[in-house]
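I have placed the structure first, in the form of structure tokens, so that the comments after it can refer back to it.
Coordinate-derived values only; no laboratory data. Bear in mind the structure is a predicted one, so any value in this text is a computation, not a measurement. When we count neighbours, we look across all protein chains shown, and the Cβ atoms used for this are built from the backbone with ideal geometry, even at glycine.
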Amino acid sequence: MKRGASFPIARSNALKNFLKKEYDAKYIADILLDSNNILAIEYLKALQYLNSDINAIAIKRKGATYNSLEIVDNIASATAIREKIFKNEFESISSLMPEKCYELMDQEIINGKLPMALKDFEEEILYNFRKYTAEELSTLSDVTEGLENTLKKCSNEKYTLEEFIDAVKSKRYTKTRIQRLAINTLLDIKKLDVECYKHNLQYIRVLGFTKTGEKLLSKIHNNANLPIVTNVPKFMKIANDVQKKMMEKDILATNIYTLGHKMPTYRKVNLDYTTPVIQV
């Protein structure tokens with residue numbers, strides 16, 4: 001990584017070197033470059049770390065690969081589906097999604113709530129990068145090894161979010177990481193915040209459930225070591241300081257997200273307090 005390789009590439013190269021005497025070393029190492037495999041490995045690492053008795057089952061991804069814009073055997077990636085939504089090609093994706101999901105999405109589009117992208121927060125993001133000093137940027141999560149100086153320089157020189165991201169990204173800093181950084185500026189997510197939340201799980205938040213899920217939820221309530229949040233106002237009355245801080249970040253995220261709606265009537269605040277848990 002010190003020579004400029006991204007983490008996925010560096011890890012793959014390390015495995016190639018470790019398995020250099022093995023016939024399939026390159027094949028195994030290349031598997032680590034696939035996004036779905038990377039995610040699966042992180043799940044397996046977490047299960048091992050927690051000494052979990054969960055048995056992992058691998059399910060092969062078929063059709064289009066992660067982030068692919070191609071449609072293979074009527075299967076598309078989420079990236080390809082979003083691309084068609086942004087191009088107003090809504091009808092062409094009806095066969096690529098579960099019928100109920102398509103109906104919900106179609107209704108949201110009719111209501112003027114979709115589509116929404118990171119670009120909808122372009123001005124706010126560039127404003128934050130220009131407002132923060134390089135030292136302040138260095139305290140944000142995902143900013144390492146002098147990246148704050150590049151962020152500051154590019155935010156002053158570029159005039160669109162796309163130009164900014166293209167200018168900052170490199171072999172070491174992927175586009176996805178820069179996009180995540182952009183969100184970190186919006187929500188003011190600091191390194192210290194992430195460390196606190198990562199090592200101290202605070203609560204389990206339920207957004208919705210079915211009738212079967214409702215029965216399971218009542219059983220989970222009796223055995224859970226963490227608060228299960230189905231009502232934010234009630235939770236905030238009993239939450240400790242760290243729990244409140246984490247939930248306040250959730251609430252802030254929702255409040256900023258609604259600013260991306262094209263219609264002003266949807267730019268409401270504190271929906272976390274007023275929107276009930278979805279029951280289907």
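For the reader, a short list of remarks on this structure follows.
- With N the number of residues in the chain, Rg(Cα) / (2.2 N^0.38 Å) evaluates to 1.15.
- Part-to-part distance (alpha-carbon centres) for the stretch 97-126 and the stretch 46-61, which is given in Å: 33 Å
- Part-to-part distance (alpha-carbon centres) for the stretch 161-195 and the stretch 218-267, which is given in Å: 24 Å
- Cα point-scatterer Debye curve for the stretch 7-49, base-10 log of I(q)/I(0) at q = 0.26, 0.27, 0.28, 0.34 Å⁻¹: -0.89, -0.92, -0.95, -1.06
- Using the Cβ-Cβ distance between Y43 and E99 with R0 set to 41 Å, the FRET efficiency from 1/(1 + (r/R0)^6) comes to roughly 0.90.
- Entries in K62/K198; K84/K152; K119/K169 that, when Cα-Cα distance is taken, lie over 23 Å: K62/K198; K84/K152
- Remark: the T254-L19 segment gains 80.0 nm on full extension, using 0.36 nm per residue and subtracting the alpha carbon distance.
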